[in-house]
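Below is one structure, written out as structure tokens; the observations come after it.
The values are calculated or read from the model by the stated rules, or taken from the named source; none is laboratory data. For clarity, every value in this text was computed on a predicted model and none was experimentally measured. Note that each Cβ is placed from the backbone with ideal geometry, even for glycine, and that neighbours are counted across all protein chains shown. Side chains included, ligands, DNA and RNA excluded: accessible areas come from the protein's heavy atoms. Shrake-Rupley method; radii C 1.70, N 1.55, O 1.52, S 1.80 Å.
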Amino acid sequence: MKYLLLGTSIVLMSVGIAAHAQDAEGEVESAAQEEAAEDENRRVRRLSDVVGEGAEEFSLGVLDLEVPDEPVEDLPDVSLPDPEQDARLQSLLTTRAFVPDDPDVQQALSDLLDEVEANAREALAAGDLETARQLAGVLEEIAPEREVIAQVQAEIDSRQRVQSLQAAARAALDAGRLTAPPGDNAAELFAELLQAEPGNQAAQSGLVETHQALLASAIERARELDFEGAEERIEEAEAVHSAPEAIEETRASIAEFRQRYVETLRDEAISAIDAGELDAAEERITQLVALGDDRSRIEALRRSLEDARLYGRFEPGQVFADGIDRFDRDGPDMVVIPAGSFMMGSPDNEDDRMSNEGPRHRVTFERGFALAQTEITVGEFAMFVDDTGYRTDAERSGGSRVYDVSTGRMDRENRINWRHDYAGNRADENMPVLHVSWNDASAYAAWLAQQTGRNYRLPSEAEFEYALRAGSQTPYWWGDRAPDSPLENVTGDDDISPSNARWNVAFSRYGDGFWGPAPVGSLQPNPFGLYDMGGNVMEWVEDCWHDSYVRAPEDGSAWVNPGCERRVIRGASWSSTPAMSRSAFRISSSSNSTDMRVGFRVARDL
């Protein structure tokens, strides 16, 4: 079989076609020649079935070659978007499938592919990536060595990266990821987008939006008082986009807000000091320091705060009383106790020392406090009971312990309560209230705090001993032996009971003129201006009982364990021996117990 090639049209014909032509003379060929011609004609029809029939597809004479009966190679499954080009392509590919090595077919196909490559480059230049991709796909299938294929793919990859960066940058901006985390924030992604595609409008506008968002965040941080964070945001905004006027305006706005806030903090610090809200005042001063406020102003505030911490509005030794408005009366007289430190407990070599008085340890009071000048009186306690209807533990239990003057015994007696004295008689208003438990004393302090709006409470054990010693470290606040003059209501061998009894164990050659409790403030105050701290009646304090000072607080606060049942009793009473009158002496009792030797006084924070 043979074929004729004219341009890019393929013409197939049998070499036997000419044998069928009749010459002018009408000669008749032999039967053998006719049979050979018929066989060749059948082969031509089989090839035309593959290549295609039609008068326009045939051309005579140009090239006459042998063609195999079947395709030598597979036809690529490709197509071009231009119909005319695609028809030429399919015709050439079909021909090449039968005669793959023919140079004319190869040349015709190469010329067509040159056109396709040129079209691909035009599509790239026009931004028509879809057309460029389709044309490059045809080229990659037929002529994969052509450079335009990689160029189209590179452009596609670049465009996809641009689109991906743009979407990621927008998502980061919308989510508020302005400059963090690294690699996934709007500032970095928009900058990377602009680097990937210089002049990208989305990247440029995105950086402007990020800049504006950072400045808005700076103002928000300033309003949250994070001025350092606000400045960081401004610096980040400067790095993202250049807009000096917007930066200057934001800084000026924050500076104005900061100054107003500084002035507000100063006013609040002064108000807090005046109101006794010292922690709040210190917090304001600390904020002023952080904001770089004027040093002289800060020092002045600190001096005012220090004075207030030590003594509130008072001075050491000052006596004051808080009014109880609804009764048009004052509460107990209070004495301002100075700040300081002391050695709590007794030294190992002190006479009559008990093991629960140690280990001796230093306690420091960073600020002063107030302590009632005397024990709470019957009259003061009556105001509390009349106002609240409170029933004491002695009233609930039906009685309390009293002193039998005739026998000198101390026994429980029915129907004894806070209204009675040590012997069970009706008590005068100026006598220290007796037969009250720790529960009763705490209830009175809580009521007084409610009525005055001040923090009244029972004193801590450390506060009591500190105030009792009043700067001394001797066994008694007045020294190390019996007083030289009536100072405290304790046992003295000169004291005589109503039944002419005397104390078996007492201070030698001492008498205070009282058998039983004396009216509060009857004798002499200690150096802190407090009465009856080392005599008259023993007193409840806030602390739970511990049998030593191991792990005791060193700041003077009460040592309290939740749910404890025994509380500490401090000070001496009218019946205390010299050993029991020592400043370090301490005992305990249950929270609901009552006695004719025990009362209390209150403390108050300044």
Subset of the stretch 265-302 that is small (Gly, Ala, Ser) and under 22 Å from the mean Cα position of the chain (by Cα) - its residue that is least open to solvent (accessible area, probe 1.4 Å):
Ala280
Apart from one, (1) more than 27 Å from Gly317 (Cβ to Cβ); (2) in contact with a helix residue (DSSP H, G or I) (Cβ under 9 Å, 6 or more places away or on another chain); (3) open to solvent by 50 Å² or more (accessible area, probe 1.4 Å) all hold for Arg409; the odd one out is (2)
Residue under question is Ser242, and the condition is that it be in contact (Cβ under 8 Å) with a residue 12 or more places away in the chain and of a type in the set (Ser, Thr, Tyr); does it hold?
no
Restricting attention to the stretch 557-568, does a residue exist that is open to solvent by 10 Å² or more (accessible area, probe 1.4 Å), modelled with pLDDT of 95 or more and part of a strand (DSSP E or B)?
yes
Kindly indicate the residue of the stretch 587-605 that is in a strand (DSSP E or B) and buried (at least 24 other Cβ atoms within 10 Å of the Cβ) and also farthest from the chain's Cα centre (by Cα) among those meeting that condition.
Val598
Tell me whether the stretch 234-249 contains one or more residues that are closer than 19 Å to Ala180 by Cα and polar (S, T, N, Q).
no
Among the residues of the stretch 339-382, write down those that are β-branched (Val, Ile, Thr) and farther than 25 Å from Ala449 by Cβ.
Thr364
Given (1) over 51 Å from the mean Cα position of the chain (by Cα); (2) over 22 Å from Arg401 (Cα atoms); (3) touching a residue at least 60 places away in the same chain (Cβ under 8 Å), index of the condition Ser573 fails
(2)
Reported set for the stretch 315-327 where residues are modelled with pLDDT of 85 or more and not in a strand (DSSP E or B) is Glu315, Pro316, Gly317, Gln318, Ala321, Asp322
Matching residues in the stretch 369-386 (open to solvent by 10 Å² or more (accessible area, probe 1.4 Å) and either under 11 Å from Ala467 (Cα atoms) or part of a loop (DSSP other than H, G, I, E, B) (or both)) number 2
Taking the stretch 313-368 and the residues there that are among the acidic types (Asp, Glu) and surrounded by 15 or more Cβ atoms within 10 Å (Cβ to Cβ), the one that is nearest to the chain's Cα centre (by Cα) would be Asp322
